[in-house]
1. Take I52 and tell me if it is modelled with pLDDT under 90, open to solvent by less than 80 Å² (accessible area, probe 1.4 Å) and of a type in the set (V, I, T).
2. Give me the residue from the range 182-204 that is of a type in the set (S, T, Y) and in a helix (DSSP H, G or I) and, out of that set, most open to solvent (accessible area, probe 1.4 Å).
3. Out of (1) open to solvent by less than 100 Å² (accessible area, probe 1.4 Å); (2) closer than 27 Å to E37 by Cβ; (3) free of Cβ contacts under 8 Å to residues at least 40 places away in the same chain, the odd one out for P226 is which?
4. Name the residue that is modelled with the highest pLDDT, counting only residues in the range 19-41 that are closer than 15 Å to N225 by Cα and assigned to a helix (DSSP H, G or I).
5. Test D66 against the stated conditions and say whether it is surrounded by 13 or more Cβ atoms within 10 Å (Cβ to Cβ), in contact (Cβ under 8 Å) with a residue 40 or more places away in the chain, assigned to a helix (DSSP H, G or I) and not small (G, A, S).
6. Collect the residues in the range 205-220 that are at pLDDT 90 or above and either open to solvent by less than 90 Å² (accessible area, probe 1.4 Å) or in contact with a strand residue (DSSP E or B) (Cβ under 8 Å, 6 or more places away or on another chain) (or both), keeping them in residue-number order.
Amino acid sequence: MARTALTTQDHIIEILNFARERAAFERSHYDVIQLIERKDSEYFNQKEKQLIRKTYLYTKIRKTYDNKILFISKKDPNSITKIERDILDYSYFGEDIPPVLEHYFLAEKMLDNYMSKLPDNMKIKIHQNILDTEDSLEKQKNTKKRNRENHKKFFLGGTLLSLLKLNDVDDDQLNLLFKIIKLYLMQDYFNKEAFSDIEINEFNISDIGREFNNKKNATLLNLNNPFKIYDE
């Protein structure tokens, strides 16, 4: 019996499920994630559908990479080769922070070479060429702090834009951000709340209040939330 071909909506579901636990993928394919969030699949043109399908196919390849990384990680540490160790290092396996994107893609190149059927001596030469595109593993370690900060900035910006889109806010986004911060600073300066408990409770049970709180809770539970990942 022939298998039913996956629809664009099927591809979208797979992509979002894949991105939910992989911050590096979410950042490297930000344009695709935004497209999915901005439009219903029934309104995609042919070019957009092709982009979605291409991204879906990439997730399948990436799962193969992830399975191979997991296999390497379970090997006896004494038997792991230098190539295997570099793959684990550059993929940031077992670390809480998401990989620097440049390292993320270097690890993929390493894996392509590692899983190829080339002779071992050729693999070693190709691997060294891949490493030569990076200064050293020391540089990798030094970039992790910067990567943390970039992850936080990306997440904060994405959350703000998502909330504005959810509520169809058309105001100048930067100006609105200044208003929000000003309100917070004024509350702190005058040491008083801007709204009464009654007003807050009324807002919370309103449709817009419930929608906001649902979005807030989903964001706080997001596995890619850097403020949850980095317990500082």
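The values are calculated or read from the model by the stated rules, or taken from the named source; none is laboratory data. Since the model is a prediction, treat every value here as computed from it, not as a measurement. Here Cβ is always computed from backbone atoms with ideal geometry, including for glycine, and neighbour counts include all displayed protein chains. All accessible areas refer to the heavy atoms of the entire protein, side chains included, with ligands and DNA or RNA removed. Shrake-Rupley method; radii C 1.70, N 1.55, O 1.52, S 1.80 Å.
1. Details: modelled with pLDDT under 90: no; open to solvent by less than 80 Å² (accessible area, probe 1.4 Å): yes; of a type in the set (V, I, T): yes.
Criteria not met by I52.
2. From the range 182-204, those of a type in the set (S, T, Y) are 184, 189, 196; that's our starting set.
With in a helix (DSSP H, G or I) added as a condition, the list becomes 184, 189.
Working: Y184: 143, Y189: 176 Å².
That would be Y189.
3. Of everything listed in (1) open to solvent by less than 100 Å² (accessible area, probe 1.4 Å); (2) closer than 27 Å to E37 by Cβ; (3) free of Cβ contacts under 8 Å to residues at least 40 places away in the same chain, P226 misses just condition (3).
4. Looking only at the range 19-41, we keep the residues that are closer than 15 Å to N225 by Cα, and these are 19-27.
Next, from what is left, pick out any that are assigned to a helix (DSSP H, G or I): 19-20, 23-27.
Details: A19: 85, R20: 81, A23: 74, A24: 77, F25: 80, E26: 75, R27: 77.
Checking each candidate, the answer is A19.
5. Details: surrounded by 13 or more Cβ atoms within 10 Å (Cβ to Cβ): yes; in contact (Cβ under 8 Å) with a residue 40 or more places away in the chain: no; assigned to a helix (DSSP H, G or I): yes; not small (G, A, S): yes.
In short, no.
6. S206
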